[in-house]
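Right, one structure below, let's go through it.
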Amino acid sequence: MDNTTRYERLLERYKNGDLSRRGFLGLIGAAGAAYGLVTPYRAFAQDVKEVRFDGWGGVVSEAFRKYAFDPYTAKTGIKVVDGTFGGGDEYLSRVKASQPGEYNIAHLSGVFDYARYANLGFASELNEANIPNLQYVITKLVDVYRPITGGKISCVPYDYGTTGIAYNRKYISDEEMKEKGAKILIDAAYKGKISGWADWRTRIWFASLQTGQDPNKATDMDAIWEAIRTHRDLSLKYWTSGAELMSLLAEEEVYVTEGWSGRIYALQEQGHDIGYMDPPNGYGWQECLFVLKGSPMEACEELLNFMLAPETSIAVAEGQNYPPALDPNKVDLGKKIPTLPAFDPTGTLAGLTFANPTYWNEHEAEWSKTFGRVQKGY
């Protein structure tokens, strides 16, 4: 049986009620792992002992593990190495140091990350004819990649979200949050109870907002670095992972910080009274499933197409708390997804501000180096 037929039959069984969502996604994971999501040297070997998936950790990895990896391991005995990373820079360093084919699919965030991978020669070329479910994806999310890779794409958009401001309502009211916006992150009244992500782009983005500048074309960098130093001096610490972000807020070690929309929703689901605000020109982003050059393309294309099927995308989105890339004008997304932070019911994403990849990548070397010095106290 070829892969496409196998996927179609699984989907038919799920639609007919013969498979639970957990079982359905578990079998998808089994099929994907067995038919291509391993290194090219072992892609179709009969003695595969492990496969690898690299993602963002925390509730995101939990969603993939719950709905795909654990059921797969129980069924086949093959171990899934669930790799995680705290940021795009960290993962890219691993890819640079790897052998061709060692990594196949990455859960990347940000169009600038896509551009970096493409510029470094890691981009593949997907055959879109093999991914008909792209028709359900918000057009804007696909089109932003095309100019970077000559009209072709090396990924499929999978979800989107925002990096906004999370705050503990026990100490900070909604009214105060609306009044102060991004400037609350440099408010001396909360010294020692402030935090932020140790990511140079995020630090510059929010410093741009704090100094009244457009994050995609700031001109007064002296003011931005001063705002970053102020935030650093008022902060308890920088966080480096989604799990650490959630812990800092849940344990009330900090009262206010930037936060990833899905992680904050997870805290709210757990009963924590954490508010969330996207300030004007807040940080919008999308994530994709990027296929690295050297991967078994047809097998990856078949799996990506199946993962974009509405039933699959919705199930994963409900597990990880980020809206799927599916267009709500084309697909009924159910009850939970419209309640998620950052969800756009129009499908236009007009209310989100995305990073301009050209602008940010042109300044990466200089700004990342400067932030490294500022982070150390200079």
Listed highest first by mean packing, meaning other Cβ atoms within 10 Å per residue, what order do 350-360, 316-326 come in? 316-326, 350-360
Shape verdict for the range 313-378, please, from the Cα gyration tensor: rounded (a/c under 1.5), prolate (a/b greater than b/c) or oblate. prolate
Along the range 368-376, what does the Karplus equation 6.51 cos²θ - 1.76 cosθ + 1.60 (θ = phi - 60°) give for ³J(HN,Hα), rounded to whole Hz, x for Gly and Pro? 5, 5, 5, 4, x, 6, 4, 4, 7
I'd like to know which of Thr358, Asn321, Phe343 lies farthest towards the positive end of the charge dipole of the range 314-378, counting +1 on Cβ of Lys and Arg and -1 on Cβ of Asp and Glu. Asn321
Calculated FRET efficiency, Glu226 and Lys170, Cβ-Cβ r, R0 25 Å, to nearest 0.05? 0.25
Return the long-range amide H neighbours of Trp197 (sequence gap of 5 or more, or a different chain), with a cut-off of under 5 Å between placed amide H atoms. Trp239, Glu258
Treating only the Cα positions of the range 284-349 as identical point scatterers, give the base-10 log of I(q)/I(0) from the Debye formula at each q in 0.16, 0.23, 0.26, 0.27 Å⁻¹. -0.58, -1.01, -1.18, -1.24
For the range 183-282, state the average projected area of the convex hull of the C-alpha atoms over all orientations, rounded to one decimal in nm². 6.0 nm²
Order of 275-283, 364-372 by packing, highest average Cβ count within 10 Å first? 275-283, 364-372
Between Arg146 and Glu179, what is the label-to-label distance in nm when each label sits 7 Å out along the Cα-to-Cβ direction? 4.8 nm
From the backbone phi of the range 322-333, what are the Karplus-calculated ³J(HN,Hα) couplings (6.51 cos²θ - 1.76 cosθ + 1.60, θ = phi - 60°) in whole Hz, Gly and Pro given as x? 10, x, x, 6, 5, 6, x, 7, 10, 9, 6, 8
Plugging the Kirkwood radius over Cα pairs into Stokes-Einstein for the range 76-218, at a temperature of 37 °C and a viscosity of 0.692 mPa s, what D comes out in µm²/s? 176 µm²/s
Given the pairs Lys152/Lys376; Lys66/Lys217; Lys191/Lys376; Lys140/Lys217, which are separated by over 30 angstrom at their Cα positions? Lys152/Lys376; Lys66/Lys217
Fraction of alpha-carbon pairs in the range 222-378 farther than 18 Å apart, rounded to whole percent, equals 71 percent
So what are the radius of gyration and Dmax for the Cα set of the range 169-235, in Å? 11.9, 37
Can you tell me how the range 231-321 classifies by the Cα gyration tensor, rounded, prolate or oblate, using a/c under 1.5 as the rounded cut? prolate
To the nearest 20 debye, the range 186-253 has a Cα-centred charge dipole, built from +1 on Lys and Arg Cβ and -1 on Asp and Glu Cβ, of 120 debye
Could you list which residues have their amide H under 5 Å from that of Asp327, counting only those 5 or more apart in sequence or on another chain, with H placed in the peptide plane? Val137, Ile138
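All of the numbers you see were taken from the coordinates with simple rules; none came from a lab. All values reported here derive from a predicted model rather than from experimental measurement. Because the Cβ atoms are built from the backbone with ideal geometry, glycine has one as well, and the counts that use them run over all protein chains shown.
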